[in-house]
């Protein structure tokens, strides 16, 4: 589960590679290769080649499914991605309808992966907050100007900054009418979880995957305070955090920070990624304070009682 | 939902049988059928939606709309958890919806609000749409709240859980009604008599625009209008003594920006005194000043909302009267109709 751009495709590409190649030791394994592996291999290829999977692929809109099991155990689990594009979830929020296929998945699932991309989080930033900043800046520059005029000794060409209609930034933009897609990310995720509450077996395990986690780790290095995935969820999407916490009878959850890419694919940054010995060495997974490379960790948590 | 036909028995609300039966099934007045019917009704809600709204060939499922709820939709919400009804009343543009959006914003941006956690809402889409014009993404030049146009009472829903008692959820239902409706109620006895949902209100928050009250060209009309709403509803008896009344002087940042504040404050105090003198013997009254979304003001965002919320979440009609008598039509014995509670005298 996850909105558009949440990192699902990249995660799947990396996961598929690691499960199929057995590059790193893992207790999770493929039960059998999926019959139709074309799209899985397409995602894997994109990941191996350090590129974002093409968004135009119609495969994005088709459900993806494969069977996995834990080593030494008989039980087989079906890992399902109903819609990698995220459009299905946007559509659920807008059109308020669940497809028959999704209904079936929801009523039989034993766990959910919810992907959130920190870069894609739409927050409720208020105009009044900007107005207050504007006011503070106006006061500050007003004081500077007064100071400058006191010290000025007749410079006839000195110009004052005045907020006129011409330089008022807000006049450059037309008011945008609301559409469902402009809703806050945390609100959409809460609502699509609420939709399945009557359907799921309770309590249902939810693994939140904060994608592009390498960015947060980098920021952590520059700060005294270390942000774990759980702290990130509580601070950046507080409404969602409250919702999942207060409904402990319905959901049990953990939060994982995952960077399947390992870093940015920008021209300069990707050079660092080329240096890895194994593709799986790029992966970063954090759970609480522990940082590792096992991309199957969230799934293992979902499967274990 | 269990029911008990014994007048004065509190088993439904407090779990204590008036006849001291430990095994409630032994009591002839008690019925737990409501529980079964309730779950069946919940299942039927999904099934009915399937049958009536889904394309039979499609097999999909329509879920809650996310929009404000109609009266018939709030029964399902009130089944599972304790539910309080708060009527936000006042003339158009008095700040009713803005106060509600401001409250929601507090939950959206903090780890908790007043030791409560957000536990869900059936009306998230409406809340997002209403809040949009006040957000930077809308590219509006200034923060706005679109005027509510609905004359038919609808409700915004919030489900909350106390931080120290997460298993106990509470619903807050806020009326989502146009100020034009209250203008109509102020002007018509017959219309006021029809506003029976006020019978069930735990709180009646009457908003006075402090900006208008401190504007010489508007203040007298604003005073008369607000007092008129209160008079109309109390005169016809739809506002019961069990409903707590909050008199809210909203948009206080506009008051603060005026010169000659002492004169304006004195005028507002006469309104307070008039309301107190006329209604305090019959109703529980409190007076509040708020500035939900202060504009270029020294007042903080959500000024005064804390106090209002604390009252809304902690007080209810049940505080006044321990004897809850649920009036259920005989043919709907196992149904529960949130707005049809009455209370013994």
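The values are calculated or read from the model by the stated rules, or taken from the named source; none is laboratory data. What you are looking at is a predicted structure, and each value in this text was computed from that prediction instead of being measured. Ideal geometry is used to build each Cβ from the backbone, glycine not excepted, and the neighbour counts take in all protein chains shown.
Among the residues of the stretch B:257-301, the ones that are closer than 22 Å to residue B:216 by Cβ and within 22 Å of the chain's Cα centre (by Cα) come to 3 in all.
Let's see how each residue does on (1) farther than 27 Å from residue A:73 by Cα; (2) out of contact with any strand residue (DSSP E or B) (no Cβ under 9 Å at 6 or more places or on another chain):
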| residue | (1), (2) |
| --- | --- |
| A:212 | yes, no |
| A:218 | yes, yes |
| A:221 | yes, yes |
| A:226 | yes, yes |
| A:230 | yes, no |
| A:243 | yes, no |
| A:280 | no, yes |
| A:290 | no, yes |
| A:301 | no, no |
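Count of the stretch B:66-97 residues, restricted to those that are under 20 Å from residue B:229 (Cα atoms) and outside any strand (DSSP E or B), is 7.
Each residue in the stretch B:253-299 was checked for being within 14 Å of chain A (Cβ to nearest Cβ), free of Cβ contacts under 8 Å to residues at least 60 places away in the same chain and either touching a strand residue (DSSP E or B) at 6+ places or on another chain (Cβ under 7 Å) or not in a helix (DSSP H, G or I) (or both), and 8 of them qualify. Taken together, the criteria place residue A:201 among residues that are touching a helix residue (DSSP H, G or I) at 6+ places or on another chain (Cβ under 9 Å) and surrounded by fewer than 19 Cβ atoms within 10 Å (Cβ to Cβ). Residues in the stretch A:92-120 that are under 25 Å from residue B:133 (Cβ atoms), modelled with pLDDT of 90 or more and surrounded by fewer than 19 Cβ atoms within 10 Å (Cβ to Cβ): A:94, A:95. Taken across the stretch B:288-310, residues that are modelled with pLDDT under 95 and under 18 Å from residue B:234 (Cα atoms) do not occur at all.
Scanning the stretch B:68-121 for residues being over 17 Å from residue B:134 (Cβ atoms), touching a strand residue (DSSP E or B) at 6+ places or on another chain (Cβ under 8 Å), within 12 Å of chain A (Cβ to nearest Cβ) and modelled with pLDDT of 95 or more gives a total of 7. Restricting B:161, B:221, B:225, B:198 to those that are farther than 16 Å from residue B:93 by Cα and part of a helix (DSSP H, G or I) reduces the list to B:198. All of (1) in contact with a strand residue (DSSP E or B) (Cβ under 9 Å, 6 or more places away or on another chain); (2) more than 27 Å from residue A:196 (Cα to Cα); (3) within 14 Å of chain A (Cβ to nearest Cβ); (4) surrounded by fewer than 21 Cβ atoms within 10 Å (Cβ to Cβ) hold for residue B:141 with one exception: (1). Screening the stretch A:77-111 for residues that are assigned to a loop (DSSP other than H, G, I, E, B) and farther than 17 Å from residue A:205 by Cα and picking the one that is farthest from the other protein chains (Cβ to nearest Cβ) gives A:84. When you scan the stretch A:228-243, do you find a residue that is part of a loop (DSSP other than H, G, I, E, B) and on the phi > 0 side of the Ramachandran plot, even just one? No, the conditions are met nowhere in the stretch A:228-243.
Consider residue A:192 carefully, then state whether it is more than 9 Å from chain B (Cβ to nearest Cβ), closer than 30 Å to residue A:254 by Cβ, modelled with pLDDT of 90 or more and not in a helix (DSSP H, G or I). Please lay out each step first, then the result.
On the way: more than 9 Å from chain B (Cβ to nearest Cβ): yes; closer than 30 Å to residue A:254 by Cβ: yes; modelled with pLDDT of 90 or more: yes; not in a helix (DSSP H, G or I): no.
So residue A:192 does not fit the description; no.
Looking across the stretch B:180-197, the residues that are within 24 Å of residue B:273 (Cα to Cα) and buried (at least 20 other Cβ atoms within 10 Å of the Cβ) come down to B:182, B:185, B:186.
Residues of the stretch B:234-252 that are touching a residue at least 24 places away in the same chain (Cβ under 8 Å) and farther than 17 Å from residue B:276 by Cβ: B:235, B:236, B:238, B:240, B:242, B:250, B:251, B:252.
Only one residue in B:70, B:117 is buried (at least 19 other Cβ atoms within 10 Å of the Cβ) and touching a residue at least 12 places away in the same chain (Cβ under 8 Å), so which one is that?
Within the list B:70, B:117, the selection yields B:117.
Is it fair to say residue A:217 is away from chain B (no Cβ under 14 Å), buried (at least 21 other Cβ atoms within 10 Å of the Cβ) and either in contact with a helix residue (DSSP H, G or I) (Cβ under 6 Å, 6 or more places away or on another chain) or outside any loop (DSSP other than H, G, I, E, B) (or both)? No. Only residues that are within 25 Å of residue B:133 (Cβ to Cβ) and more than 13 Å from the chain's Cα centre (by Cα) were counted across the stretch B:148-184, and they come to 11. The set of residues in the stretch A:37-53 that are assigned to a loop (DSSP other than H, G, I, E, B) and surrounded by 12 or more Cβ atoms within 10 Å (Cβ to Cβ) comprises A:37, A:50, A:51, A:52, A:53. Residues in the stretch A:112-127 that are at the interface with chain B (Cβ under 9 Å from one of its Cβ atoms) and not in a loop (DSSP other than H, G, I, E, B): A:126, A:127.
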